[in-house]
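Since the structure comes first, as structure tokens, the remarks are kept for the end.
What follows is calculated from the coordinates using simple rules that are stated; it is not laboratory data. Here the structure is a predicted model, which means the values were calculated and not measured. Cβ: placed from backbone, ideal geometry, glycine included. Neighbour counts: every protein chain shown.
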């Protein structure tokens with residue numbers, strides 16, 4: 001296997017830059033800079049030389065095989081973070097035989113191949129690197145710490161027990177089995193199905209935390225939607241004008257709201273129109289508003305809700321509060337009156353939705369659990385009906401087990417790896 005190397009820290013000027021090496025020649029590659037190697041896991045300052053020239057003074061850290069992130073012999077070189085210092089050391093490494101620059105995500109791929117991480121942990125690491133908010137960070141850390149693998153292993157153990165009991169009735173069909181195993185198998189399946197369904201429900205919320213919530217601001221033309229968007233975003237994200245119908249397309253602004261990633265949508269004013277361009281904008285506004293997690297209905301002077309029927313968590317807000325006396329929740333994007341109250345109301349609704357979030361964060365996880373549920377429900381129905389062919393129920397349990405194994409990458413893993421690792425930087 002090749003020894004790979006890459007810059008693990010961000011490019012550009014910095015106080016420290018970190019180079020990573022992994023593979024059978026990692027320690028020898030460091031020694032090639034004319035330094036004495038420190039003990040593993042003991043950092044030491046060394047002067048790196050190449051062809052008689054001092055390149056930099058660096059902190060050297062070595063890891064033994066089986067005790068590193070990748071599971072291989074590994075090393076880190078902590079350089080001064082100048083582009084010139086990094087470039088000179090990378091150039092020297094490229095001249096050593098048996099070494100090559102790592103591909104995107106190759107360090108993590110080797111950790112997966114060497115059993116240091118399961119597939120769900122790899123996904124958790126990717127989410128951790130991409131996390132923008134505190135809620136995303138906490139959720140990603142749960143997955144990266146192995147929460148999915150631990151939960152799946154418990155399910156898997158119960159499912160193997162159920163399958164073993166059922167297989168016994170097949171293997172000893174011509175003999176007297178001392179105990180009827182059907183009640184225990186049914187009990188195991190009922191508990192597993194219940195647990196999985198609860199996690200499926202929680203995974204939909206976890207997906208929203210990972211991807212971010214969408215909140216659409218909708219209302220009649222000139223109700224102050226764009227002004228409100230700018231006030232919430234604290235910048236001029238949308239063009240504002242007294243001319244009704246200025247907004248023709250959906251304008252998106254991503255922000256951190258109470259630790260949650262939220263995308264605010266400023267939409268075209270909802271009204272009857274003969275302008276084909278404005279009509280297209282209104283169609284898009286309605287489509288995005290219906291798909292949004294929550295809507296802010298911004299009322300104009302008429303006080304009428306237009307376009308859509310509000311749902312339970314939607315907020316009905318009176319706009320332009322600086323120009324009129326209002327009751328209830330009201331805002332003025334121009335003066336800022338009521339903005340804090342609106343933000344708090346929005347946070348309360350979104351945070352309430354996250355209460356049921358589970359550890360399973362991706363559509364892939366949800367689909368795998370749903371496959372397992374369908375297979376176990378099929379087996380359960382056959383057992384309840386007393387079907388004379390237990391091998392059919394046993395096959396359903398094998399399908400369920402395969403679905404659970406796919407969660408952590410025991411099976412069906414290759415097709416996913418290209419997509420997952422393409423999101424990683426070279427040094428990860």
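Counting neighbouring beta carbons within 10 Å and listing from fewest to most, the residues 50, 155 come out as 50, 155.
Hydrodynamic analysis of the stretch 251-312 uses the Kirkwood radius over alpha carbon pairs. Inserted into Stokes-Einstein at 10 °C and 1.306 mPa s, it gives a translational diffusion coefficient of 121 µm²/s. By the beta-carbon count within 10 Å of each Cβ, the least crowded to most crowded order of 225, 320, 150, fewest first, is 150, 320, 225.
Can you give the percent of C-alpha pairs in the chain whose distance is more than 40 Å? Looking at the chain, the distances longer than 40 Å represent 45 percent of pairs.
Using the 2.2 N^0.38 Å rule of thumb for compact globular proteins, work out how the stretch 1-100 stacks up: its C-alpha Rg over that value, please.
In units of the globular-protein estimate, the stretch 1-100 measures up at 0.97.
Per the helix-only calculation at 222 nm, which mean residue ellipticity applies to the chain, given -39500 (n - 2.57) for every DSSP H run of n ≥ 4 and division by its residues, nearest 500 deg cm²/dmol? Result for the chain: -15000 deg cm²/dmol, rounded to the nearest 500.
List the relative contact order of the chain as a percent without decimals, with contacts defined as Cα pairs under 8 Å and 6+ residues apart.
Values: 769 pairs, mean separation 74.4, N = 428.
That works out to 17 percent.
Dividing the Cα radius of gyration of the stretch 218-353 by 2.2 N^0.38 Å, with N the residue count, gives 0.98. Between the alpha-carbon centres of the stretch 108-151 and the stretch 198-239 there is a gap of 27 Å.
Here residue 302 and residue 54 are evaluated by their C-beta separation; at R0 = 60 Å the FRET efficiency comes out at 0.20. Ordering 378, 87 from the fewest to the most neighbouring beta carbons within 10 Å gives 87, 378.
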